[in-house]
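The values are calculated or read from the model by the stated rules, or taken from the named source; none is laboratory data. Note that the coordinates shown come from a computational prediction; the quantities given were computed from them, not determined experimentally. Ideal geometry is used to build each Cβ from the backbone, glycine not excepted, and the neighbour counts take in all protein chains shown. For the accessible areas, the whole protein counts, side chains as well, though only heavy atoms, and no ligand, DNA or RNA atoms are used. Shrake-Rupley method; radii C 1.70, N 1.55, O 1.52, S 1.80 Å.
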2 protein chains.
Amino acid sequence: MTVIIVSTRNKEKLREIKSILGKTIALISLDKIQNAPKIKETGKTYKANALKKARTIFKKTGLPTFAEDSGLEVRALKGRPGIYSARYAGPNADSKLNNIKLLKALEGVPLKRRQALYRCVAVFIAKDGGIKITEGICKGTIALTPKGEKGFGYDPLFIPDGYNKTFGELAERIKNRISHRAKAIRKLRF
Amino acid sequence: MTVIIVSTRNKEKLREIKSILGKTIALISLDKIQNAPKIKETGKTYKANALKKARTIFKKTGLPTFAEDSGLEVRALKGRPGIYSARYAGPNADSKLNNIKLLKALEGVPLKRRQALYRCVAVFIAKDGGIKITEGICKGTIALTPKGEKGFGYDPLFIPDGYNKTFGELAERIKNRISHRAKAIRKLRF
């Protein structure tokens, strides 16, 4: 988190400065780019996948590019599903099927042995081609049943340490303060 | 404006990334700082005033500090009120009195000879003490009568070039795209 003191007592000026600064970064997703290449996540690590995505898009657009790859690592499953988190239940799996498969794999495992962590590797390629790579992790426990409709992926099953609700239940602003993705992005210091 | 491509087609991820990035800068005004010194704008230039404000607050807080000084320069008045814009009608003047004084000073001057410009000098002192100074200007015309309730200062009288409404009438998002302050802040490239 970058903190900046705005040296004014003028409320109208402050409001205006906040509004202007809030718009100094425009984020554009791949949907908005004509003929954006489809990138297969075939790397063996999060870093390889995130780098591949970022490099491909940077090469195509020449614009500063952000990419990330992330996954859920469950200790009782020796770190699986890991980089295969999005297609754990098969190449066309959705979050629901992935969640069902994970619960099945952990059947009979008590809560105290369901430790897991979410990991995110973020890559930023600046205009000059300089590459920055950061990692964020968020530790937690896999719930016995899915709870909550918020978030995505394994969020209905993931109870972050220090809370007794899943990411599916917790307010977005809480998730976005403590999540693996939030930590990785903050470290990039755009 | 910084444009960043987010290399994902996942709408939920994009939403989350936008939300996280939107919070990577926290702006704190002087009101929130205990015993923040009162700074007199006694400099002879915008730059001197903005630098004085930024340096004083940076020295006190040790935190990255933003400051700006700005004013309205009217060609028919040889650049006045300029750095005295906020206290044009006297040391305790408010915007209303300043606007009245400006209209009086331009009495009888036709619209085509009421050219003016808003100028803003912005200063940013980074954590390591490095100083960046930028300037933004916005050209326009002084209206014959005040119009609109938006903005502040001389906004009800300032018609930016290319528009036929005053800053007091134009939507905030338009002002914050074309204004002197927007231009100076964007150049700082936080």
Summed buried accessible surface, chains A and B, 1.4 Å probe, nearest 100 Å²: 5600
Spacing of the two label points (7 Å from each Cα toward its C-beta) at B:L103 and B:K139, in nm: 2.7
In nm, spacing of pseudo-spin labels at A:Q115 and B:T42 (7 Å Cα→C-beta vector): 6.3
Across the identical copies, how the B:K187 labels are spaced - nm, sorted shortest first, 7 Å along Cα→Cβ: 3.6
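Could you work out, residue by residue across B:145-156, how many beta carbons of other chains sit within 10 Å of that residue's beta carbon, and then give the average as an integer?
What the average comes to for B:145-156 is 1.
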Cα centroid separation - region A:71-97 against region B:122-186, whole Å: 51
Between 0 and 90°, nearest 10: helix B:46-61 axis offset from chain B longest Cα axis: 40
Shielding of A:81-93 by partner chains, average beta-carbon count, 10 Å: 0
Shape category assigned to region A:109-190 from the gyration tensor of Cα positions, a/c cut at 1.5: prolate
Choice from A:K127, A:K112, A:K52 with maximal GNM fluctuation in chain A (Cα, 10 Å cutoff): A:K112
HN-Hα J in Hz across region B:164-178 - Karplus 6.51, -1.76, 1.60, θ = phi - 60°, x for Gly and Pro: 10, 10, 7, 4, x, 9, 5, 4, 3, 5, 6, 4, 6, 9, 10
Gyration tensor verdict on region A:2-188 (Cα atoms; rounded if a/c is under 1.5, prolate if a/b is larger than b/c, oblate otherwise): oblate
A:N35-B:N92 FRET efficiency (beta carbon distance; Förster radius 51 Å; 0.05 resolution): 0.25
Solvent-accessible area of A:V123 with every protein chain in place, 1.4 Å probe, in Å² to the nearest 10: 0
Probe 1.4 Å, accessible area per residue of chain A, Å²: 53
Residue among B:K32, B:K101, B:K175 with the largest mean-square fluctuation in a Gaussian network model of chain B, springs linking Cα atoms under 10 Å: B:K32
Sparse-neighbour loop sites [GluC sites (Glu not before Pro); region B:84-163; at most 13 other C-beta within 10 Å; DSSP]: B:E107, B:E149
Charge sum, other residues only, whose C-beta stays under 14 Å from A:T45's C-beta, Lys/Arg counted +1 and Asp/Glu -1: 0
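Take A:D31, B:D69 and sort them by solvent-accessible surface of the protein heavy atoms, 1.4 Å probe, largest at the top.
A:D31, B:D69
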GNM result for chain A, Cα springs below 10 Å: residue of A:N164, A:N99, A:N35 fluctuating most strongly: A:N35
Backbone HN-Hα couplings from phi across region B:27-43 [Karplus 6.51/-1.76/1.60, Hz, Gly and Pro as x]: 9, 10, 8, 4, 4, 8, 9, 5, 6, 4, x, 7, 10, 8, 8, 9, x
Carbon/sulfur fraction of accessible area - the protein assembly as shown, other protein chains in place, 1.4 Å, %: 53
Exam field: B:G162 pseudo-label spacings to other copies (7 Å along Cα-Cβ), nanometres: 4.6
Label distances, nm, A:G130 versus same residue in remaining copies, Cβ-directed 7 Å point: 0.8
Three-way shape call for the protein assembly as shown based on the alpha-carbon gyration tensor, with the a/c threshold at 1.5: prolate
Gain upon complete extension [A:K127, A:A76; 0.36 nm per residue less C-alpha separation]: 14.1 nm
Residue among A:I137, A:N92, B:I131 farthest towards the positive dipole end of the protein assembly as shown, charges placed on Cβ: B:I131
Listed residue (A:L170, A:I28, A:I159) projecting farthest to the positive dipole end of the protein assembly as shown, Cβ model: A:I28
Exposure of B:E172 as accessible area (Å², to 10), given a probe of 1.4 Å and all protein chains: 90
